[in-house]
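Written out below as structure tokens is the structure these notes cover.
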Amino acid sequence: MALWGGRFSTGPDEAFKQFNDSLPFDYQLAEQDIIGSVAWAGALKQVNVLNQQEYDDLVAALNKLLDEVKANPQAVAVAGHEDIHSYVESALIDKVGDLAKKLHTGRSRNDQVATDFRLWCRDTAEHILEAIAELKGEFIALAERELGTILPGYTHLQRAQPVLFSHWCMAYVEMLERDESRLSDAKNRMNYCPLGSGALAGTAYPIDRQTLAEGLGFTGATRNSLDAVSDRDFVVELLSCASISMIHLSRMAEDLIFYNSGEAGFIELSDGVTSGSSLMPQKKNPDALELIRGKTGRVFGAFSAMMMTLKALPLAYNKDMQEDKEGLFDAMPTWLACIHMAQACIKGIKVNADKTLAAAKGGHSNATELADYLVAKGIPFREGHHIVGTLVQMAIAQGNNLEDLSLEQFKSVHSIFESDVYPVLEIDACIKARQAQGGTSLEQVTSAIKYAKKNSK
Ligand code: ARG
């Protein structure tokens with residue numbers, strides 16, 4: 001049964017009905033719609049539209065319906081109604097007859113859907129925040145496990161300077177902390193209740209909207225009815241949080257895919273997150289990471305689609321806005337699954353510390369140290385840079401590292417070199433020198449781990 005048949009002499013075309021109906025996807029709002037309806041029944045009792053008995057009967061029926069939809073959500077999806085609001089009303093009529101028809105007094109599907117959707121987004125944000133915290137914990141555990149392992153750090157995918165493997169881990173903890181903070185800001189901002197805004201102009205019943213909002217766990221009621229029914233910023237913000245976080249996960253995935261490659265051999269992913277090739281028996285492919293990288297596009301696609309849907313929409317509700325759901329209903333579980341999968345990958349990583357160390361020692365990644373050595377001896381950095389460049393060329397020509405050049409060779413480029421150059425070129429010295437805040441020295445990384453642990457509590 002449609003909610004609006006009175007003005008029409010015929011029903012909708014089958015093709016239009018299929019095109020227009022949102023129940024096949026907004027059935028996911030069933031719980032929120034029922035919880036919102038219970039709260040609305042309370043508001044109607046407060047303004048004497050419902051007496052105590054009617055309220056009790058409606059709430060009992062709504063709670064029963066809640067159990068039913070929780071037990072079998074898929075059955076709701078295929079029930080054939082226009083949307084979740086129509087479904088709930090009709091299921092309620094089946095239970096309590098005409099009394100159910102009073103529930104929509106003073107309410108519109110416009111403030112109803114905006115409320116349901118905010119409730120859904122709030123719950124989802126909470127789940128995702130928990131998952132991010134767990135992933136952060138996994139990175140911190142790996143950082144602690146591998147404390148002391150040296151990794152080549154790259155710029156332009158060229159070996160640049162050695163870093164601690166744990167420093168790499170903690171870089172992702174920083175990103176995840178920003179993801180958390182962005183998401184919890186978005187959650188706080190969305191936590192205002194549109195219910196009681198009516199179709200667009202507000203409700204004509206003297207409902208105490210503040211109490212209604214608080215009963216649903218909102219911080220307060222929205223302040224402008226036109227905005228309240230039109231606003232989908234909370235969807236845009238969630239998708240934006242998701243997109244930025246997925247960008248981080250995709251970069252993590254890419255780093256690890258490279259570290260796991262036969263060419264690098266820095267890490268081995270666990271069997272549990274890799275798969276084989278149907279043809280090549282030797283292969284162990286990083287599918288979990290590749291999928292995380294791949295799904296980033298899909299999540300960002302939902303974000304850009306939502307932005308385009310909202311662009312230039314006139315106030316207040318327009319049916320375009322029904323397009324707010326499918327992208328988010330796809331993007332949020334995708335994001336959550338990627339966070340979980342990233343955690344599984346991080347948990348099972350085996351680091352090959354010999355290989356990372358050997359790679360960090362190659363590639364002349366101690367060249368900066370040599371320039372700093374010259375600076376300490378009073379040579380201007382730019383000149384020192386040039387001198388070291390010449391030495392790097394020499395080392396490349398003889399297929400060696402800088403520390404393998406003889407003192408005579410050093411002196412042939414500049415007389416200032418002494419045998420004290422060698423300790424400076426040791427890889428541990430490169431790491432140790434990065435003592436300023438945020439650097440890769442053991443002290444700095446240890447304190448970053450401590451800070452992150454304290455922050456996670
Ligand atoms: N299914 C609709 C949506 O998701 C609910 C709101 C319908 N409101 C309306 N006036 N047709 O946006």
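Every read-out reported here was derived from the displayed coordinates using simple, explicitly stated rules and does not represent laboratory data. Bear in mind the structure is a predicted one, so any value in this text is a computation, not a measurement. A quick note on method: Cβ atoms are made from the backbone with ideal geometry, for glycine too, and the neighbour counts reach across all protein chains shown.
A few points about this structure:
- The lysines whose alpha-carbon is closer than 16 Å to the alpha-carbon of LYS17, local same-chain residues fewer than 8 away aside, are LYS319.
- Distance cut-off 19 Å, percentage of C-alpha pairs in region 326-395 lying past it: 62
- Whole-Hz ³J(HN,Hα) from phi, Karplus 6.51 cos²θ - 1.76 cosθ + 1.60, for region 418-431, glycine and proline x: 10, 5, 5, 6, 5, x, 4, 7, 5, 4, 4, 5, 4, 5
- Per residue convex hull volume, Cα atoms of region 118-195, in Å³: 89
- Using distinct alpha-carbon pairs, which all enter the 1/r mean, Kirkwood radius of region 96-231 in Å: 18.4
- Shape category assigned to region 153-261 from the gyration tensor of Cα positions, a/c cut at 1.5: prolate
- Taken about its Cα centre, the chain carries a charge dipole of about 460 debye when Lys and Arg each add +1 at the Cβ and Asp and Glu each add -1 at the Cβ.
- Charging the Cβ of each Asp and Glu at -1 and of each Lys and Arg at +1, and nothing else, the dipole of region 299-440 about its Cα centre rounds to 300 debye.
- Along each principal axis, taking the top coordinate minus the bottom one, the Cα set of the chain gives 100, 52, 39 Å in descending order.
- Restricting region 124-232 to trypsin sites (Lys or Arg not before Pro) that sit in a DSSP loop and have at most 16 other Cβ atoms within 10 Å of their own Cβ leaves ARG223.
- Cα→Cβ-extended label distance, 7 Å offset, between ASP287 and SER415, nm: 6.7
- Within the straight-line cut-off of under 15 Å between alpha carbons, the aspartates and glutamates reachable from LYS377 are GLU369, GLU418, ASP420, sequence neighbours fewer than 8 places apart in one chain being disregarded.
- Backbone phi angles across region 225-231, fed through the Karplus curve with coefficients 6.51, -1.76 and 1.60 (θ = phi - 60°), yield HN-Hα couplings of 5, 4, 5, 4, 7, 9, 6 Hz in residue order; Gly and Pro are listed as x.
- Think of the chain as having a plus end and a minus end, set by charges on the Cβ of Lys, Arg, Asp and Glu; of LEU269, ALA114, SER412, SER412 sits farthest toward the positive end of this dipole.
- Cα-based reach from LYS101 at 12 Å (exclusive), listing aspartates and glutamates while leaving out same-chain residues under 8 positions away: GLU54, GLU89
- Here the sum of -39500 (n - 2.57) over DSSP H runs of 4 or more residues, divided by the residues of the chain, equals -20500 deg cm²/dmol at 222 nm, to the nearest 500.
- Dipole check for region 277-357: with +1 at the C-beta of Lys and Arg, -1 at the C-beta of Asp and Glu, and the Cα centre as origin, the magnitude is about 380 Debye.
- For region 69-113, the calculated P(r), taken from all Cα-Cα distances in 5 Å bins from zero up to the bin holding the longest distance, is 5, 20, 27, 26, 18, 4, 0 percent.
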